[in-house]
Structure formats: C-alpha cells, structure tokens
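These notes concern the structure reproduced below.
The values are calculated or read from the model by the stated rules, or taken from the named source; none is laboratory data. A quick note: this is a predicted structure, and the numbers were derived from the prediction, not measured. We place every Cβ from the backbone using ideal geometry, glycine too, and count neighbours over all the protein chains shown. These area figures cover heavy atoms from the full protein model, side chains too; ligands, DNA and RNA do not enter into them. Shrake-Rupley method; radii C 1.70, N 1.55, O 1.52, S 1.80 Å.
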Amino acid sequence: MDESVLEKLKILAESAKYDVSCASSGTSRSKKNGMIGSAAGWGICHSFAEDGRCISLLKIMLTNSCMYDCAYCINRRSNDLPRATLSVTELVNLTIEFYRRNYIEGLFLSSGVVRSPDYTMERLVRVIKDLRLVHRFNGYIHMKSIPGASQELVNEAGLYADRLSVNIEIPNEQSLQVLAPEKDFKSVFTPMRYIQQGVLQSAEERKRFRHAPRFAPAGQSTQMIVGATADTDKDILRLSSALYQRPTMKRVYYSGFIPVNDYDTRLPMLKQPPLVRENRLYQADWLLRFYQFRVDEIVNDAYPDLDLEIDPKLSWALRNPQAFPVDINKADFEMLLRVPGIGVKSAKLIVVSRRYGRLGADQLKKIGVVMKKAQYFITCNELPMRTVNELSPENVRHILLQKGKKKTDERQLTLQFPE
C-alpha cells in the first residue's frame, strides 16, 4: 500500500475517533452471489453481534479539513494540526483492501466540510456508490450526511448506505450559535427530514414492488455532546424523546465533552470528560425506548439532572415510594418493568412463569432478577426483607450505595492481590 495513503489513513482515522454514533448497524443483509461481504447480524465498530461475533469497520474521514470553526471540534478551521484528504479512488481502494485482509466488515464514513456542503456530500456519495456498483461491496456502510446538503444528494446516498446520520452536536440552538455560529438547527433537521421521507417512501414502494430499492434500511442516528454547554439532562432527554417520535430515528448517541480545544474561553474547563453523566444518559435513553418511561418521569423541573450516584430507574423508584411494593405474582408487565433490578427479559419470564405457580425469591434469582435492588420494591413468596416504605427511600439509597462501594473495593482488592 502506498506510503502517502497510509500517512493519510493515520491522520484521518485519528480525526474520526470522536464520533461515537456508529456503534450499531441495525440491518441484516446476507452474502449474495457476485458480491463481496455481508451485513448480517447487529452491531458494527467493535461491537458484538447477537450470535457473539465481534464486528469491526473502518472508521475514517474523507478529509479533516473544514470550513467551519466550531469551538468543540478538533478539526475546526483555526486549529493548527496535520491535515489530509483522500481522493475518492484512494478511499474506495483502502476499504476494499482492508476488507480483503479481513481487517474490517464495514465502513463508517464522515468528513469535514470543504468548499460547500454539497461539494463534500457529492464526494462522499461517490465513495459509497463506487463501493456498491463498481466493487460490488455488500458489507455494512454508515455514512454521515453533511448538514445543509441538498435533497437530491441525500436521496442518492440513501440508495447505497445502510444508515445515514446527521449529528445535532449541541442540544440547544442558542448554545449552538455560541459555539458554532456558522451552523443552525435548520441545516441539521432538514437533511434528517429528507432521510425520513426517503425511508418512508421506500417502505411504501416495497409494499407494491417486491424488488424496489431499499433506502437506508437501518434508518438514521444522531449524536449530542454532553457537558460542552449548560444544558441540563432534561433539555437533552426532551430532545431525544422528540427525535424518537420520528419513525426512522433508531439511536441517539451521547458523547461526553472532551476538552480538545482548552484555549477557547467559550468552553467549560473540564479536567476529564463527564463519562458518568454520559452513562446515566444512555441508561435514561434505554428507559425511554424499552421501559415505557416518559421524560418527565425521569427528569423534570424539580430534578433537571440525572443522579450520578444511582441509575435513573432506581432514582425514579426512590422518588415514588407510593408505587411500591409490587406484588410479583399479580403486577402487570408495565409495572414489573418499573421495578429496579427487573429488566425486559426478566419481566417477560416472570409473566410466563407465574402461570404455573407462585414465584418466590429463589425462582426470581434463577429468572435473572437482580435481587440486591429488587428486594426492597417487591413482595412475593418467602421474602422477609423490609420494603422501601418500611425502611424509607433514604435508607434504601444508603444501603445500596454502600453495597456498591463494597463491591467496587472487593474488585480492586482482587486486581491488586490475585489468588
């Protein structure tokens, strides 16, 4: 492989590492005769598929040169750093060569914006089009759509990419104007709408014509930076909830702010990224998507930010002790989902298992319920533990925090003094 291309690869792969919105493909396409690769299974970018496979992709930018000067971005125009640009042919060949060496199974492609959004978007589309049509590449492709790109280019990209994404970055337009004055929400939400229209139109066409082309079959995703502005978790989750109301939005990713441009006084002075807050947001996002929670139940005016010490579901349960204890043998599925320590799979197993007899603590453990948490919020056969109302929410919180601290200390001791 050409040395100049390898040097460009090093620079552009490094520049692409801050985008986290590429963790899941959400599509399945088996191997086809005359084509190379496949997109079977879930999860791309060093993630695990449902069958246990670890799947990887080439995560790279077409160029890290950019016409914008966003305060939070490492690739901003005013930064003095090595710049590189791959030609369309170089990037296509690089992807194919990596696939043939079994390094990757797919591609995550993004780019800085050069000349204009349409100019950059046109080059990105040429890359994935050549991969599909010239090299018959059948693997997974996730492409970042450029904010402000025309509908024609977005529509063409959707014919060749499995997933398209447009990053919101900052959850509040006023904050975005402060940190990225050359951008606005219109340039972000307009291509999002184009993608949604393309997916829905494609679905209708496939109802009438079996072999009609699929448009971005894995839908779209977006990303928000956490901690770069004063926006609360309530602001972030309300925007996420609104996005999930759209039928084609599959994932909202949260990226803890990394202070790569600490000289910019518009940015907060952080010693390290807010990773705990990022994790809590993902947990809250899970509650919105799979546990039938509403945003105002997780965060509201009284509690605008998530509790960093305990997970959002436990926090909700401690703030609402009147909803407990829940009788495991009688409660409906929706209420079981609200019990700390009971997940979707466990709740389904409980509903099925109690048809054949009353459940006790031993059966719940076998089902997979985390009794360390659940025991304070449920009643069932042979469960002597006092509930949250008898102990008080404050005491339950203290007990669980102490147990969590003890478990952490034991892990550290095990690492320091292995048997």
Out of (1) in contact (Cβ under 8 Å) with a residue 40 or more places away in the chain; (2) open to solvent by 10 Å² or more (accessible area, probe 1.4 Å), the odd one out for L164 is which?
(2)
Can you tell me which residue in the stretch 227-265 is least open to solvent (accessible area, probe 1.4 Å), limited to those that are outside any loop (DSSP other than H, G, I, E, B) and farther than 24 Å from R163 by Cα?
D233
Suppose the filter is open to solvent by less than 10 Å² (accessible area, probe 1.4 Å) and under 30 Å from L306 (Cβ atoms); does Q196 pass it?
no
Kindly evaluate H142 against the criterion of being open to solvent by 10 Å² or more (accessible area, probe 1.4 Å) and outside any helix (DSSP H, G or I).
no
Tally, over the stretch 209-226, of residues that are touching a strand residue (DSSP E or B) at 6+ places or on another chain (Cβ under 6 Å) and open to solvent by 10 Å² or more (accessible area, probe 1.4 Å):
1
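If we scan the stretch 109-121, do we find a residue that is farther than 14 Å from T63 by Cα and of a type in the set (S, T, Y)?
Residues of the stretch 109-121 that are farther than 14 Å from T63 by Cα, as a first pass: 118.
Filter once more, so that each one left must be of a type in the set (S, T, Y): none.
No, the stretch 109-121 contains no residue that is farther than 14 Å from T63 by Cα and of a type in the set (S, T, Y).
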Among L62, L58, which is the only one that is open to solvent by less than 40 Å² (accessible area, probe 1.4 Å), more than 17 Å from S116 (Cα to Cα) and assigned by the TED database to the domain that holds G139?
L58
Would you be able to say whether some residue in the stretch 88-106 is modelled with pLDDT under 90, assigned to a loop (DSSP other than H, G, I, E, B), surrounded by 14 or more Cβ atoms within 10 Å (Cβ to Cβ) and assigned by the TED database to the domain that holds Q223?
yes
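Could you pull out the residue among L267, L281 that is in the same structural domain as T222 (by the TED database), under 22 Å from L176 (Cα atoms) and modelled with pLDDT of 95 or more? Even if it seems obvious, please write down each step before you answer.
Details: L267 fails: modelled with pLDDT of 95 or more.
When all the criteria are applied, what remains is L281.
Does L314 satisfy the condition of being buried (at least 16 other Cβ atoms within 10 Å of the Cβ), assigned to a helix (DSSP H, G or I), touching a residue at least 40 places away in the same chain (Cβ under 8 Å) and among the aliphatic types (A, V, I, L, M)?
Working: buried (at least 16 other Cβ atoms within 10 Å of the Cβ): yes; assigned to a helix (DSSP H, G or I): yes; touching a residue at least 40 places away in the same chain (Cβ under 8 Å): yes; among the aliphatic types (A, V, I, L, M): yes.
Here the answer is yes, as L314 does meet what is asked.
Which of the residues spanning the stretch 321-344 are part of a loop (DSSP other than H, G, I, E, B) and open to solvent by 40 Å² or more (accessible area, probe 1.4 Å)?
Scanning the stretch 321-344 gives P325, K330, D332.
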Scanning the stretch 289-309 residue by residue, those more than 18 Å from S241 (Cα to Cα) and either exposed (fewer than 15 other Cβ atoms within 10 Å of the Cβ) or assigned by the TED database to the domain that holds A361 (or both) turn out to be A302, L308, E309
